[in-house]
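A short worksheet on the structure shown next.
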Amino acid sequence: MNWFRAPSRLLAAAVLIGLASVLSLLPPGPVARADANLVGNPSLETLDATGFPTCWSRSGWGNNNFTFAVTDQAHTGTRAMSVTVSAISEGDRKAMMVENPSCAPNVTPGHQYDLGAWYTSTTPNTVFTAFRHDVANGWQYWTDLAALPVSSVYQRATVRTPPVPPNTDQIVWGVTIYGVGTLTTDDYSMVDVTLPTPGNACSAGSACAKGVWQVMPFETPVRGIHAAVLHNGNVLLVAGSGNDPDAFAAGTFTSAVYQPQTGTFVNVPTPADLFCSGHTQLPDGRVLVMGGNKDYPAADGSHGYKGLDASYLFDPATNTYQATNKMNDGHWYPSATALGNGDVISLGGLGPDSGGTVATEYFSNAQQRWLALWEANQTWSFWGLYPSMMLMQDGRLFYTGSHVFGNGLPGTGASIYDYASGSITDIPSLQSKDQRDQSASVLLPPAQDQRVLTIGGGNIETNVDANRYTDIIDLKQPSPAYKPGPLLPSGSLGGGQLQTGSQGKMYVSAVILPDGKVFETGGGLHNRADPVYEASMFNPATNAFTPGLATDPVPRTYHSSAFLLPDGRVMAVGDNPGNGTFDKRISIYSPPYIFNGARPQILTAPTGTWGYGTSQRITVDSPIVKASLIRPAAVTHSSDPNQRYVELPMTVNGGQIDLHLTSNPNIAPPGWYMLFTVNAAGVPSVAKWVKVG
Ligand SMILES: [Cu+2]
């Protein structure tokens, strides 16, 4: 990545013309709102592998002698950046934010931003310079903004940008030096100073209604088959052998932690083949991983995939796995459901003999171990592969009928399982229960309403086209039964060919958003072929899909996942088509609300553990209409039965708001959650992390 490009010459031209006519320093306008700083690594304290501040780059162009340095002559902390130009006949130098879309601040077209930096400078030949990311045409020069007066002591310069041009989703900026001298900078800031406008504030074109996808310019280092959003904001991606028999034979098992703030990855030593394991988050934020792959099918057909009995705890604080005791049986494709007491139940999958596992596995959070067979209540039932088991408000588990591989279970294909008593009760009316292989199920927002939506599916054994069925159930009813929901909207196949009337999707991802809607994306007509380009928004308040949202340009069928990030965007990874390849591209979806005006800010939130039945006071910068806790994802095979949105009823007193947390741990099992607020325009805040227990 470099800045030696034609648009930079525009900078020289602008400098020659003179800056005074287009610039204004230190706008006096009041900034009433305490907005978040949008700059990544603003105080430059974190360094990258080259020793330069993370998210910043040494850039510039032309014929000049220069040095970049990290200096301890800092305004705050221990680090600042300096750029020295000792001779120059052409061009400039600048420490710039890198174009990496994880580092580049997100912006809203039409909005204005105050850019600020503390600096010292021995030359008047300096200027704020900004580049913009055009959603159609990529990165390009935007504008020069203001010069910084010579100063031997630290002072702060700020400048307000013009309105961001249409079709812009991110900008990067820095201070350019184009004369002999030394410029030292520290403590950058960038805040949205746009006041909310009444009515429709969106000026982002089609993104206002459809949202927009961005494919990252880098790939995941591992096959992202399993994903967990960690309470430090990072994302754990687990491959194990990654559905690659050669990797398995070589004993090459991989995981990586993705750091969205910087677009960087940390490779994680992986002790076993966690390919097609189960996982959920424990109350302390560690990820419990159970089972996985003990062997690939034999070439002679003598056995199929074999389930592993190992289990590990992944710790986000150290990015390491630690073994727990073994489970009682092997599990390839097990479920994992977090309970209201912090324990975990895991069911189903294949055992070490490639046959179905019937052991109920129970992890005690208090004892930090899997109970022995005789310590856990057993029904000796086979629940299939990745059975979607959701915790109900009374502590029972709802098997939604979503599963992987072939027909549904005998009976109605859905049931309620009471672990305490061992009873299993069939639940009626799931449509076409033998064609719900790789359907997706989601506990609709809010969790208090106890309604579940099940979407699509197919059958890899009969190889039918995936269907458009959806089913909705209200688990609060005395005798709950599924009812048909609206048909899944149609999309297009490769080459733009429209789907026929009955064709739907399997392996759909259903992602709960902070505005209380469910974003439905990805999937295919068959599980490892024929990706379908279709995305829609399901509104639980109306039981209807809004069709025609922007579609992920990357196919997302088998071994793909999509999940909510703490910034309110959706991340999608993975695709493992039948030819054995794997797509390592990352897509990020910005829903329409990202473009619908300034985002409300949570200024403060209690940092201690939030107890059940308590009220917690937060402060906000602007009016909000609702607040929620969303459990961070731990998703694979389009299945995350622990995903949930817990409504937080509010008592509002100006900018002080008391949030009332449910007294029922089965509504919000203990652990870390993302706290979101949403304003009247449906625009969510960035999340703050909250621990419930
Ligand atoms: Cu799999």
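The values are calculated or read from the model by the stated rules, or taken from the named source; none is laboratory data. Owing to the predicted nature of the structure, the values given are computational and were not obtained by experimental measurement. In this analysis, Cβ positions are derived from the backbone assuming ideal geometry, glycine residues included, and neighbour counts consider all displayed protein chains. Remember, those area values only see protein heavy atoms, side chains included, never the ligands or the DNA or RNA. Shrake-Rupley method; radii C 1.70, N 1.55, O 1.52, S 1.80 Å.
Placing a label point 7 Å from the Cα of Thr46 along the Cα-to-Cβ direction, no residue of the stretch 269-293 has its backbone N under 11 Å from that point.
For the pair the stretch 79-122 / the stretch 184-253, the C-alpha centres are spaced 23 Å from each other. Sorting 132-140, 282-290 by their mean Cβ neighbour count within 10 Å, with the most densely packed peptide first, gives 282-290, 132-140. Of all lysines in the structure, the ones whose alpha carbon falls short of 18 Å from that of Lys306, not counting any fewer than 8 places away in one chain, are Lys294, Lys326. Spin-label model, Asn664 to Lys476: label points 7 Å out along the Cα-to-beta-carbon direction sit 0.9 nm apart. The stretch 323-396 and the stretch 678-693 have their alpha-carbon centroids 32 Å apart. A straight Cα-to-Cα reach below 18 Å connects Lys433 with the lysines Lys483, Lys505, residues fewer than 8 places away in its own chain not being considered.
Stretched out fully, how many nm does the piece from Gln155 to Thr651 gain, at 0.36 nm a residue minus the Cα gap?
Details: separation 496, 0.36 × 496 = 178.56 nm, distance 4.21 nm.
The span from Gln155 to Thr651 would gain 174.4 nm if fully extended.
Straight Cα distances below 22 angstrom link Lys691 to the lysines Lys626, with same-chain residues fewer than 8 positions distant left out.
Net charge in the neighbourhood of Trp56 (other residues with Cβ under 14 Å of its Cβ; Lys, Arg +1, Asp, Glu -1) is -1.
Summarising the label geometry, the points placed 7 Å from Cα in the beta-carbon direction at Asn407 and Ala36 lie 5.0 nm from one another.
At an R0 of 45 angstrom, the distance between the Cβ atoms of Gln73 and Ser615 translates into a FRET efficiency of 0.45.
Remark: spin-label model distance Val358-Val266 equals 4.4 nm, labels positioned 7 Å along the Cα→Cβ axis. What a 1.4 Å probe finds exposed on the chain is 53% carbon and sulfur by accessible area, rounded to a whole percent. Peptides 663-670, 158-165, 590-597, 47-54 ranked from most to least packed by the mean count of surrounding Cβ atoms within 10 Å: 590-597, 663-670, 158-165, 47-54. Stretched out straight at 0.36 nm per residue, the stretch from Glu461 to Asn232 would grow longer than its current Cα-Cα span by 78.4 nm. Judged by the mean number of other Cβ atoms found within 10 Å, the most tightly packed of the peptides 326-335, 407-416, 550-559, 489-498 leads the ranking 326-335, 550-559, 407-416, 489-498.
With the dipole of the chain worked out from charges on the C-beta (+1 for Lys and Arg, -1 for Asp and Glu) around the Cα centre, which of Ile416, Ala687, Asn328 lies farthest toward the positive end? Farthest towards the positive pole: Ala687.
For a paramagnetic label modelled on Thr324 (point 7 Å from Cα along Cα→Cβ), amide N atoms under 19 Å away belong, within the stretch 281-311, to 281-294, 307-311.
In the chain, what cysteines have no partner Cβ closer than 4.7 Å? Flagged as lacking a Cys partner: Cys276. Taking all protein chains together, Thr185, Thr194, Thr614 sort by accessible area into Thr614, Thr194, Thr185, largest first [probe 1.4 Å].
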